[in-house]
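In what follows, a structure is listed as structure tokens, so that the remarks can point back to it.
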Amino acid sequence: MPLKIRELVFATNNPHKLSEVQDLLGDKFKLLSLSDISFFDDIPEDYDTLELNASQKAWYIYERFKNNCFADDTGLEVDVLDGKPGVFSARYAGEEKNPEQNIKKLLVELDGVVNRKARFRTVVSLIIDGSEHRFEGIVNGQIIEKERGVKGFGYDPVFLPDGYNLTFAEMDLTTKNQISHRARAITALVGFLKNIK
């Protein structure tokens, strides 16, 4: 593997995401944040799909800094809400991107609803030497009626993954990283990187 591919920029300003992904990458790759490359602005997210937003963010950084990089976009997709909040998950309750208000709005919309099936879906866009590669990770579960747990971020306190009795916000990072949508997408990304000649 060329040495330059071992250093990757993760196009995010979210410290929680950075911590999760660095834990997944281990010491095989050096992960740089946007602040590490002196980028402190918001990256545009102009599209209505996770795929296109992830792609836009990755290309935005690659074209400006010429660093191999990757970006992700993640959405919570609730069956009974026709896949909402989806690509608008972070700003579901408004442009201020307030996680508590997003959860509150979601729980109000699901009040009295029996079918609470949902899934987290992450799409990762990787730009290596001017070529794009995409990876996806999905975890299915349901939205519980009241928040539980203080770990994690976003909708983690109300998302109960299938097969578990702990919400994402009640799990330690190691457990979450074994099953999460982002973990699955990043695992696919890492597998791809390891096979590059």
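Read-outs: derived from the displayed coordinates by stated rules, not from any lab. All figures in this text were calculated on a predicted structure; none of them were measured in a lab. Glycine gets a Cβ as well: all are built from the backbone with ideal geometry, and neighbour counts include every protein chain shown.
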Only Lys, Arg (+1) and Asp, Glu (-1) charged, at Cβ; the chain dipole about Cα centre in debye:
640 debye
Residue separation between T175 and E63 times 0.36 nm, minus their alpha-carbon distance, gives in nm 36.8 nm
How much length, in nm to one decimal, is gained on full extension between K28 and I196, taken as 0.36 nm per residue of separation minus their Cα-Cα distance?
59.1 nm
State the extension gain, in nm to one decimal, for the chain segment bounded by I37 and D129, taking 0.36 nm per residue of separation less the distance between their alpha-carbons.
31.4 nm
How about the range 141-195: which chymotrypsin sites (Phe, Trp or Tyr not before Pro) there lie in a loop by DSSP and see at most 12 other Cβ atoms within 10 Å?
none
What is the helix-to-structure angle for 50-65, meaning the angle in degrees between its Cα long axis and the longest Cα principal axis of the chain, kept from 0 to 90 and rounded to the nearest 10?
30 degrees
Which ³J(HN,Hα) values, rounded to whole Hz and listed in residue order, are derived for the range 179-193 from phi using the Karplus coefficients 6.51, -1.76 and 1.60 in 6.51 cos²θ - 1.76 cosθ + 1.60 with θ = phi - 60°, glycine and proline given as x?
10, 5, 4, 5, 4, 5, 5, 5, 4, 5, 4, 5, x, 5, 4
Set the Förster radius R0 to 25 Å, insert the Cβ-Cβ distance between H16 and D79 as r into 1/(1 + (r/R0)^6), and round the FRET efficiency to 0.05.
0.45
Which of the listed residues, S89, L34, F192, is farthest toward the dipole's positive end in the chain, when Lys, Arg count +1 and Asp, Glu count -1 at the beta-carbon?
F192
Find the Rg to Rh ratio for the range 1-118, where Rh is the Kirkwood radius over alpha-carbon pairs and Rg uses the same atoms.
1.05
